[in-house]
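**Q** This is the structure I have questions about; it appears just below.
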Amino acid sequence: MPSHPDLDKTIFLDTVDSTNLELKRRRDEFQDTNVLLVSDAQSQGKGQKGRRWESAAGLGLWMSLYLGRKSSLTHNLQLLSIYTGLVVHEIISPLIKRPVYLKWPNDIMIHSKKCGGILTELQWQGDAIMSAVMGIGINLSHEIEDFTLSIQNQATSLKLEGLDSPDRASLIDAFVYSFLGNLSFLDSSQELATKWNQKAYHMNELVQWESPQGIFEGHFCGINNKGDALVNIDGNLQVFQTGEIRLAEMI
Ligand code: BTN
């Protein structure tokens, strides 16, 4: 059971539709508290952009942290997702020989494959954030055939990356300790962005940027202190708040 002075409650479930959804449904119950919810399986795991997140029992760490304490919400929450990615990076990379990268906005990559993702959802009242839910999915014990065929060439797990028996409990402890223990780092946005940029996937590489405004090609230059992506397109540094990054096809 993870313990931290800023964590009020931890709930373990066998199965749930989505740990993010469950925490949001029980928001009234968790008012002014910080709650961690871990589920062995999710029947409707949610990814970014409404995608499905494969969350079979016994294969991964599927958890969400609900931040409801006023003291936790007083920090600058603009970089909450970026910060969560850094914390996941910090707990995973010592376990793996290959380099771990962060792909904008918050994919956890090992070499060129995705090992985890983060889904942050903020609950607003007017222009105030009342609570935040950070959903974290980390593939732990998958063999390649445990992934759906269509993602087998894009996905990986800690086991596939050489970690024989990933220990879910110690990853949970490490996450809670680091996440809640360093929350004030959110207020050092430039330092946070610099740290993220040191671990950025495709940094300074030629990428295709797929955004609602169209597809652009340029060099990825990391993030600014608001967490926006910076892409150098024909000598102009463009700022993107949404979109997706892809390595440009080399001719
Ligand atoms: C992504 O698309 O990269 C984000 C994936 C986030 C998955 C996690 S698993 C725990 C939590 N509950 C969900 O339904 N999604 C997040």
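**Q** State the answer as a single residue: which of Leu61, Ile110, Val133 lies farthest towards the positive end of the charge dipole of the chain, with beta carbon charges of +1 for Lys and Arg and -1 for Asp and Glu, about the Cα centre.
**A** Of the candidates, Val133 comes out farthest on the positive side.
**Q** Counting only pairs 8 or more residues apart or on different chains, how many lysine pairs in the chain have their Cα atoms under 14 Å apart?
**A** 9
**Q** Using +1 on the beta carbon of Lys and Arg, -1 on that of Asp and Glu, and nothing else charged, what's the dipole of the stretch 110-251 about the Cα centre, debye to 20?
**A** 160
**Q** Can you report the principal axis dimensions of the stretch 88-155 using only the alpha carbons, biggest first, rounded to whole angstrom?
**A** That gives 45, 28, 20 Å along the principal axes, largest extent first.
**Q** Now, a different point. What is the spin-label model distance, in nm, from Lys226 to Lys70 if the labels are put 7 Å beyond Cα along the C-beta direction?
**A** 2.9
**Q** Treating the stretch 147-251 as a set of equal point scatterers at the Cα positions, no solvent, please give the Debye-formula log₁₀ I(q)/I(0) at q = 0.19, 0.20 Å⁻¹.
**A** Normalising to I(0) and taking log10 leaves -1.07, -1.09.
**Q** From the mean inverse distance of alpha carbon pairs (Kirkwood) and the Cα radius of gyration, derive Rg over Rh for the stretch 1-138.
**A** In the stretch 1-138, Rg relative to Rh is 0.95.
**Q** Right, here's the next one. Could you give the length gained on full extension between Ile233 and His4, defined as 0.36 nm per residue of separation minus the Cα-Cα distance, in nm?
**A** Extra length from Ile233 to His4 when fully extended: 77.9 nm.
**Q** Scale the Cα Rg of the stretch 206-250 by the rule-of-thumb value 2.2 N^0.38 Å and send over the ratio, two decimals.
**A** Taking the Cα Rg and dividing by 2.2 N^0.38 Å, one obtains 1.02.
**Q** Ok, one more. Show me the ranking of peptides 168-180, 6-18, 231-243 by mean Cβ neighbours inside 10 Å, starting with the highest.
**A** 168-180, 6-18, 231-243
**Q** Moving on to the next point. Just want to confirm a number: the relative contact order over the chain, from Cα pairs under 8 angstrom separated by 6+ residues, in percent.
**A** For the chain, the relative contact order is 16 percent.
**Q** Separate question: Taking every pair of Cα atoms in the stretch 100-201, average 1/r, invert it to obtain the Kirkwood radius, and report Rg/Rh to two decimals.
**A** Rounded to two decimals, Rg/Rh equals 1.01.
**Q** With viscosity set to 0.692 mPa s and temperature to 37 °C, compute the Stokes-Einstein D of the chain, Rh being the Kirkwood radius across alpha carbon pairs; µm²/s, no decimals.
**A** Translational D for this selection: 176 µm²/s.
**Q** Sort 29-37, 120-128 by packing, meaning the average of other beta carbons within 10 Å per residue, with the highest value first.
**A** 29-37, 120-128
**Q** Continuing with the same structure: Among Leu59, Leu79, Leu160, which one shows the biggest mean-square fluctuation in a GNM of the chain, springs joining Cα atoms closer than 10 Å?
**A** Ranking Leu59, Leu79, Leu160 by mean-square fluctuation puts Leu160 first.
**Q** Moving to a separate point now. How do 205-215, 98-108 rank on mean C-beta neighbours within 10 Å, highest first?
**A** Those peptides, ordered most packed to least, come out 98-108, 205-215.
Readers should treat all values here as calculations from the given coordinates under stated rules, not as data from a laboratory. Nothing here was measured: the structure is a model prediction, and the numbers come from that model. Every residue, glycine among them, receives a Cβ derived from its backbone with ideal geometry; neighbour counts consider all protein chains shown.
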